[in-house]
Every structure is written in C-alpha cells, then in structure tokens.
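Here's the structure, in structure tokens; my notes come after.
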Amino acid sequence: MSAALLSGCAGGAKDVPSGALAYAAMQSAAPQQADDSYLLGPGDRISILVYGQTDMSLESVIIGPQGLVSMPLLGPVKAVGTTAAGLAKGVESNLRPAYLRNPQVTVNVLEYTSKQVAVGGQVNSPGVITIFGNSDLTTVLAKAGGPAQLAKLNEVIVVRQRDGQRMAARFDIRAINEGSMADPVIYGGDKVFVGYNSAKGFYQDAIRTLPLFALFQSF
C-alpha cells in the first residue's frame, strides 16, 4: 500500500509541500462534490423525488445506521452500497406496477457524510476505514490504530485526486497535536501514508540482531 500511496510523487516525501504550502495544496484540491460513482453510505442526507407524486417523495432523509430509508408505501428501502442513480432505479422497480405504471424517480445527495480513506505505512492497523461527518487527519489516524512505534511523525503524507490529477501534501502530527499547526480536513477517497523513522528503525533492527550476551554492545 505504501508504494501505491506515494506513486506519482517523483521526488519522494521531501518534494511534497509541507507547512502552509501543504494546507494551501489540500484546500485547492478539496472535492466540491462526489461524482456519479459515489456509493451511498449511512449518514448521507438524500432526497428521493417521485415525479408528480409529492406524497410518495422524500425531500430530505438521512440514511440510517443500518443503511435503510423509510419510504411511503414501500417502507424500509436499502440505500447503501449503490449510487444515487442505482437507488432511483431500485425505487422505480419497487413502485412498478403495483403503485405506478411508469414511475420516474430522481435521487439527489444533499450531504455526503460517509467516507472511505485508505491508511498505510507506520500505523498500527493499516487498511481502508470508513468515517462519518467532518473528519480530520488525527481522527483518521486514530481510526487506523494511531502511529506505530517507528512512525515518522513529521512525514505524514496525504494524497488526493482532483480532476484526474494526483496531489500530495506533508503534515507534522506532532506539531498538530501541540496546536502549532491546524488539523487538515480529510475527504472520502483520500489516501494517508505515515513514514518510517529510519533512525528508530536502525536502532530496533540492531537490537534484534544482537545476541543476548552482547545486548549492551556498542553499535
């Protein structure tokens, strides 16, 4: 995962913008809205509009923790794991022909709340995590079990795709925790990579290679 996260950053972490430049880069790359391939998740606020049938429509509804929304006549309808267009087709299928001969349904996402973020590198539980609501970098790292023992805290890379272009920025978790740097917002589709502290790594590797009787040997 680490190689994939950093691919596209030709010069490695040193060439990735950090500090104020990192925040500017991530702000400029903030997604304006999810694309048509976005999969609905719990917490998303949507509208389900049945053309010409206001009593069957939902102007605003939040997808529940179980991934369901309750619709007039139809009752609970599964909304997670599909796109807005896919949900619309599913509702049309359920309405036809028992309730309407030729239903026309439109589903719009009013608020995107469910997010998936890939976290790799020196964290205790790397992988893809789902977060809800407004999420920041430290929250994402906590969801991934926090930085591992060999984490390089000033080399946390966030990779973001915007308009077909990959962008990256470097953040210092220690400075964020101290309050001297702001905690950046993380969006669905972002990838987070925590670097490896080679100094600590050398120490730990050296300790493991020493025989027990030479534990205090200089190296």
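Values in this text are rule-based calculations from the coordinates and carry no lab data. Note that the structure is a prediction, hence the values are computed from the model and not measured. A quick note on method: Cβ atoms are made from the backbone with ideal geometry, for glycine too, and the neighbour counts reach across all protein chains shown.
Residues with beta-carbon under 13 Å from that of Ser180, excluding Ser180: net charge, scoring Lys, Arg +1 and Asp, Glu -1? Walk me through the numbers before you get to the answer.
Details: positive: Arg174; negative: Asp172, Glu178, Asp183.
Neighbourhood net charge equals -2.
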With +1 on the Cβ of every Lys and Arg and -1 on the Cβ of every Asp and Glu, the dipole magnitude of the stretch 45-111 about its Cα centre, in debye rounded to the nearest 20, is 220 debye
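Quote the charge dipole size of the stretch 32-154 about the Cα centre in Debye, to the nearest 20; the model charges only the Cβ of Lys and Arg (+1) and of Asp and Glu (-1). Present the calculation step by step, with values, prior to reporting the outcome.
Numbers: 8 positive and 8 negative charges, 60 e Å.
Here the size comes out at about 280 debye.
In which sequence would Glu111, Glu155 go, from the one with the fewest C-beta neighbours within 10 Å to the one with the most?
Glu111, Glu155
With a cut-off of at most 10 other beta carbons within 10 Å, and DSSP calling the residue loop, which trypsin sites (Lys or Arg not before Pro) in the stretch 72-144 qualify? Please list them.
On the way: sites: Lys78, Lys89, Arg101, Lys115, Lys143; in loops: Arg101.
Listed in order of number, the matching sites are Arg101.
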In terms of the charge dipole of the stretch 45-111, which places +1 on Lys and Arg and -1 on Asp and Glu at the beta carbon, the residue among Leu49, Met71, Ser93 farthest towards the positive end is Ser93
The set of residues whose placed amide H lies less than 5 Å from the amide H of Leu110, leaving out same-chain residues fewer than 5 positions away, is Arg45, Ile46, Ser47
